Each structure stands twice: as structure tokens, then as C-alpha cells.
1. Please list, or write none, the aspartates and glutamates whose alpha carbon is within less than 18 Å of the alpha carbon of A:LYS62, excluding same-chain residues fewer than 8 places away.
2. Where in chain A are the DSSP H helices whose alpha-carbon span along the long axis reaches 20 Å or more and whose Kyte-Doolittle mean is at least 0.5?
3. Any idea how far apart A:LEU57 and A:ASP78 come out in nm if each label point goes 7 Å out from Cα toward Cβ?
4. Using the Cα centre as the reference, give the magnitude of the dipole from point charges on the C-beta atoms of the stretch A:1-155 (Lys, Arg: +1; Asp, Glu: -1; all else neutral), rounded to the nearest 20 debye.
5. If R₀ is 41 angstrom, what is the calculated FRET efficiency for the pair B:LYS60 and A:LYS327, using the beta carbon separation as r and rounding to 0.05?
6. Can you tell me the relative contact order of chain A? Whole percent, Cα pairs under 8 Å, sequence separation 6 or more.
7. Compute the Cα gyration tensor for the stretch A:234-342, then decide on rounded, prolate or oblate, letting a ≥ b ≥ c be the square roots of its eigenvalues: rounded whenever a/c is under 1.5, prolate when a/b is larger than b/c in the other cases, and oblate in all that remain.
8. Please list, by residue number, everything in the stretch A:226-269 whose backbone N is under 17 Å from a paramagnetic label point 7 Å out along Cα→Cβ of A:GLU16.
Amino acid sequence: MKVYHQLGFRYNWNIESFMQQVGDGLIFSPINMDAEVLFQKVDALKEPSFLDPQLYLLNEAKGDLDTYPFFPGNLIPDFETTDLDGYSNILAEKCINYQLKNNFKYLVVPTRYYDDNPSTYFQQCTNYFVRPFFKNLGDRSINKSTLLSVIVKRIMLIDTEKRNEVLNWITGHRQANGVYLIFENDFKTKQIKDFDYLLNVLKFIKVLKVNGLEVHLGYTNTEAFLYSIAMPDSISIGSYENLRSFGIKRFQDLEKGPVRSPNARLYSSKLLQWVDYQYIDAMKDLIPHYESYFDDSEYKPLMFKPDFKWHFAKSEPYKHYFFVFDKQMKSLPVAQIERIEFVRMKMEESIEIFREIQNVIYLDENSDGSHLPTWLNVIKSFQKSLI
Amino acid sequence: MFSTEAEMSICFEKYLKKTFGNNYFKEYSGLFGIPDFVLYSKQEKHTTIVSFELKLTNWKRAALQAFRYRSFSHLCYVVMDEKSKNAASRNIDLFKQYNIGLATFTPDNGLQIFFMPEFKPPFSNTQSQKILNAIPRRGRRSARSMKLICA
């Protein structure tokens, strides 16, 4: 299973890690990188990678999106949904051309985002994006691997009818080699603790795999470790929280009001959790072997120095996470049965370590192990569905 | 019994002033959490820092917050409204486990302490130093009645 860097703000941290052999490729983000800057990047960065075209809001010119030739506003000013009728073929061609010119590993078919999907949503996606895209590829006999981008809302997982609709839609497009799947995350907690949601994600991935599609998961956080048991082809790692949890706000050109900075956190593969760094001082005081809960990396000695100034915008905790999580994902057994057993065992070990910690430290719900019992139950149920 | 936390906070502040003097900060921010009150008292060369988290009902939330204040305090207290006394005191073992003080407060009777925590150094020197640096020079004196909250 591969690990892609989900690029965003401060994408250089990801690129630097990737150049140190962390991860297998990059998912480029047009809102954060000018089209020409991306074009100038070396082949070694682009060839194993792909582009997320980010036409989610069609004509919202967030960041550098409007520097891309396929940005709708560059076709005609004030592009609107109705203009897709006349311009979808040109849009597809420009989107394909830009991706071909950069020689990415995959060609990605864009998609749109709505807060509430209209009843014609999938028909629109087919007419405006998928059909023109594949027609253009067919006309030019381009034979490159393609991915459909699909945003999966929570309702599409929970509601059987809606789930079947989206699965039918994806599997109905036989020209695509796979999907770039993004699960929208509107949970209030930092870890996902919803049993039905998680189990349905696993089943969703499984159906796509059974249908012979490559499954690439974007915007994943720690739950990617759980998702791995459904055998996706890749998961993603990202720095800031909005790159590990998909929300449309990231693509909206909102007026910036005062924003409360999140606390800096440190990921531990042994805990399967990002722990608020301020609990580390308490651990230092109360648990003699506390350092053993945190993975070694070239960044760890610096972060554990007493004068390290923790801040959510510092690179070290994120580069540490890229390194640790990539290694963790690469340690997974290749065969599904062994992998499930391995993941289950690791979660049980994490629960045990949390028991030790929580004997003396009162962790809050975003630093504790309260997600893990749910994850274990999800594994058990998923295992049953495999029999 | 208080109808809002704001009302409880006003009464508690009056009580703090009367009982311990003016050696306190209200809602001090920039630390691990924002305690409702931080009391400080200089004894010889050492300054003791005591944090208080006031709550009408949710003792569990208060205990989580108070534990964070151990990063910069020698003592932390959850102060509950009288009406939530039973729910909190039924869980006194949790307060003992994490060395968090538990008390109730009424304007008439002041603080009633159910568990007095052990005096412990703060987890983080950096954080406690922030408070020490914020104490006005002329305010560096011993608070009155510290024995009420500190063994």
C-alpha cells in the first residue's frame, strides 16, 4: 500500500520529506501552488504523483487555482454551472492537457462539491466531467491510468440507498482505473469514533476493490491505519488538520476573521493518537519511561529538548508524523488476514499503553485512546463481513 | 445556589479578595487552559500558585480542565456549585487519583473542601514562569488564609 503526501499550505515540508524517501508520491494542490511553479518542478516529484484538480466549487478562485488553464473563469469570465453545457469539453481538454504536460502518474477526473447534493448530482458529474474527459482521452487514444475523484458525504455511507447509488455510479464508469476517494469529515472530535461510519467506509472500499478498481484515499488521518484492512491502494498523510480531514472551507475564499490556533500535537504510532504536547510535560514528570511512548525520528531529540518552542506551525512535529506514519503503514502485512490481525493487535497494545498513562494523567478526549475500543469493534464486524 | 457561572464567578471573586487578598488573576490566558482564577502567594523565596475552575454542573469537564492547570500550578481546585456537590463527591476517587482538589462554594459558607490536593511542583517551568513574570512586584506577598486550601 502506498502513502501519498496531501499537499497544502507549507507544501515544502512534504516535498522535503518525500525527497528523504518518506512517502511514495505527492497529491498536488492547485490552490496552494501556482500552475507555473508546479510545471517547473522536477520530474522525480511529479512522475510518481497526481494532481487534485480542485474544481469542487467550480469558479471560486481560491489561492492559486485561477493560474491553472482549466480553471473555469479562464475559459469565460463569471463562469456559471449553466456554462458547463457549452464548455465541458474544453474544460476536460485543458484539464487533461495540463496533467499530461506534467506527466503525472494518474490523470484525475475532477468533481464538484455541494453542501446538499441535488438529485441530479451524479448525472451532472457524468455529463460535465466524466464523459467529456473520457471522450477526449478516447479521441486522442491516450492510454494513461485514470482516477475519478469522488467526495463521499457521511449520508452516502450511512444511508443504504445513497451508498448504493454512489457505488453504482463509480463502478458504472468502467473506463476509469480507480478512484481518488475523499470522505468528508464533519466530526467534532479529532479522531473518528462513529462505529457505523467507520464500518461503512471499510465496506465501501471493499466493494470498490472487489470491482477491480484502484482505491486512493485522500485527506486521511490516523484512521488510515484502520482503513488499511480494507486493502486500499493508497492513503494520504498531511501536515495541518485541514489536510487530514476534508472540509469544503479549505476551498472557500472566506473573509479571514480571528482564528484560534490549534494546540501543537505529537503523533505516536504506539498510541495511534496525536497527543497535545502540553501533556508531554506531565508525562515527563509522572512516567519515568514516557519517551518510549513516542517514536524515534531525526526530529525527536530536538522536540524533546526542554527549550523547544512548541507551536502548531512548526515543521518538526509534522515531519516526524510523515516519517513515523509512513513507516507504520509500510510495516503492515501484505495479506489481508494477517493485516487485520496485525492492526487489531497494535490497537490492543495502544489501549494497554493508554491504561498506563491514564492511571496518572487525565487526558482529554482529543488526546486519549477513546477512539480505539470503537475501532476494535469495527474490525470485528468487518472481519465477520469477510466470512 | 447560582443560576449562572458568571454569577458564581462574581461571588467567588469577592470571597477570594476577602479571604486571601488581591493576589490573584482572573481568567489568565496563554497557558494550558484558562483557569477561572489563579491565586499566588509568596512564602519566603517560594511563590505558591493555586488555580480554580468553577462549574455549576459538569464536574468531569472541570476535572479535565483542572488537571491541565497542574502544568503551571502547585495546587488545583475544582469548585462546584452546592447543587452539584453529590455528583462530584461520589467521584472523589478520580480527584484523588489525579491530585485535583474538590470543593463547593456558597456565598454564605465560602469554600467547603472535600479533597485537599498534595502540594506538587508544576509540570512545566515555562508555564509557571509565565505566571510568576506576570505578578506585579508590589503584589509579591503572602496571601492570607492559605492554610484553608494548602496543607
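1. Output for A:LYS62: A:ASP34, A:GLU36, A:ASP52, A:ASP78, A:GLU80, A:ASP115, A:ASP253, A:GLU255.
2. For chain A, where a helix must reach 20 Å along its axis and average at least 0.5, the hits are A:195-210.
3. It works out to 1.9 nm between the two label points.
4. For the stretch A:1-155, the charge dipole is close to 580 debye.
5. Once rounded, the FRET efficiency stands at 0.65.
6. Details: 595 pairs, mean separation 63.3, N = 387.
With pairs under 8 Å counted, the relative contact order is 16 percent.
7. Cα axes put the stretch A:234-342 in the oblate bin.
8. A:238-240
The values are calculated or read from the model by the stated rules, or taken from the named source; none is laboratory data. These numbers come from a predicted model, not from an experiment. Cβ: placed from backbone, ideal geometry, glycine included. Neighbour counts: every protein chain shown. These area figures cover heavy atoms from the full protein model, side chains too; ligands, DNA and RNA do not enter into them. Shrake-Rupley method; radii C 1.70, N 1.55, O 1.52, S 1.80 Å.
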